[in-house]
Amino acid sequence: MATKDLSQYDISSVPSAESMQFGIVVAEWNFDITSALANGAISTLKKHGAQENNILLKYVPGSFELPLGAQYFAEMENVDAVILLGCVIQGETRHFDYICQGVTKGTVDLNLKYNKPFVFGILTTNNEQQAIDRAGGKHGNKGDEAAVTAIKMVHLKNSFLS
Ligand code: RBF
């Protein structure tokens, strides 16, 4: 994956997502940003062959709730991967640190507990402009990058099973 433009990647390196099923959990905080991340993720999944009815979308209030929302997908739906989309912007208090710590640790734990990909599609920025730049702006869209990661990780797992 590119580091400067989150939407730039080698298309030929991405396997087909035609038979894959995805859950996407979106935080409602900073929704202008997170809805743009969701649009990016969905269009990238479809671009690589995912069927519309195999992309399930749910919302949680804020990024702190993303791991539990993602766990509901793992427990109650037959998904191959879950993409967590959020945007945490640094404010005046320590909230930023606690939310980032919680969602990061929660996401790592889910990957290992369920042995399936839970993709970290969460922007953690100093200000709103940095988030806009990474949600379809001058640095691309983190939702695109998260979708490509999900496809590649499902393919990786399947390669061990076949
Ligand atoms: N959630 C986010 O997804 N992004 C944020 O930038 C964000 N900032 C917050 C700042 C404060 C002061 C508070 C109280 C909450 C914030 N949240 C944010 C919401 C958080 O993830 C969670 O939904 C709530 O803390 C649950 O009550």
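The values are calculated or read from the model by the stated rules, or taken from the named source; none is laboratory data. This structure is a prediction, so every number in the text was calculated from the model and none was measured. Glycine gets a Cβ as well: all are built from the backbone with ideal geometry, and neighbour counts include every protein chain shown. Only protein heavy atoms, including side chains, enter the accessible area calculation; ligands, DNA and RNA are left aside. Shrake-Rupley method; radii C 1.70, N 1.55, O 1.52, S 1.80 Å.
Some notes on this structure:
- Heavy-atom accessible surface of the chain: percent carbon and sulfur, 1.4 Å: 52
- Extreme residue, positive dipole direction of the range 1-145, given options L37, F96, S12 (C-beta unit charges): S12
- Working note: Karplus 6.51/-1.76/1.60 with θ = phi - 60° gives the range 76-83 the couplings 10, 10, 8, 9, 7, 7, 10, 10 Hz, where Gly and Pro are set to x.
- Residues whose placed amide H lies under 5 Å from that of E77, excluding near-sequence neighbours: none
- Principal-axis tilt of helix 95-114 within the chain, Cα atoms, nearest 10 degrees: 20
- Between S43, S63, S12, the Gaussian network model of the chain with springs among Cα atoms under 10 angstrom shows the greatest mean-square fluctuation at S12.
- Computed over the range 1-64, the P(r) tail beyond 15 angstrom holds 58 percent of alpha carbon pairs.
- Candidate aspartates and glutamates - alpha carbon under 15 Å from K4, same-chain residues fewer than 8 apart omitted: D133, D144, E145
- Per-residue Karplus couplings for the range 128-138, computed as 6.51 cos²θ - 1.76 cosθ + 1.60 with θ equal to phi - 60°, are listed in order as 5, 4, 4, 6, 4, 4, 10, 10, x, x, 5 Hz, Gly and Pro entered as x.
- Compactness of the range 1-122 is given as radius of gyration and Dmax, 14.4, 45 Å, from Cα positions.
- For the range 2-49, the solvent-accessible area of protein heavy atoms averages 50 Å² per residue (probe radius 1.4 Å; ligands and nucleic acids excluded).
- The chain: angle of helix 142-161 to the longest principal axis, Cα-based, in degrees nearest 10: 40
- The chain, relative contact order [Cα under 8 Å, separation at least 6], %: 32
- Averaged per residue, the range 58-135 has 53 square angstrom of accessible surface, using a 1.4 angstrom probe with ligands and nucleic acids left out.
- Distance violations [Cα-Cα > 23 Å] among K105/K142; K58/K138; K47/K105; K47/K142: K58/K138; K47/K105
- Nonlocal amide H pairs with I122, under 5 Å, H built at 1.01 Å: G86
- A cut-off of 5 Å between modelled amide H atoms, ignoring neighbours fewer than 5 places along the same chain, links N141 with L6, S7, G136.
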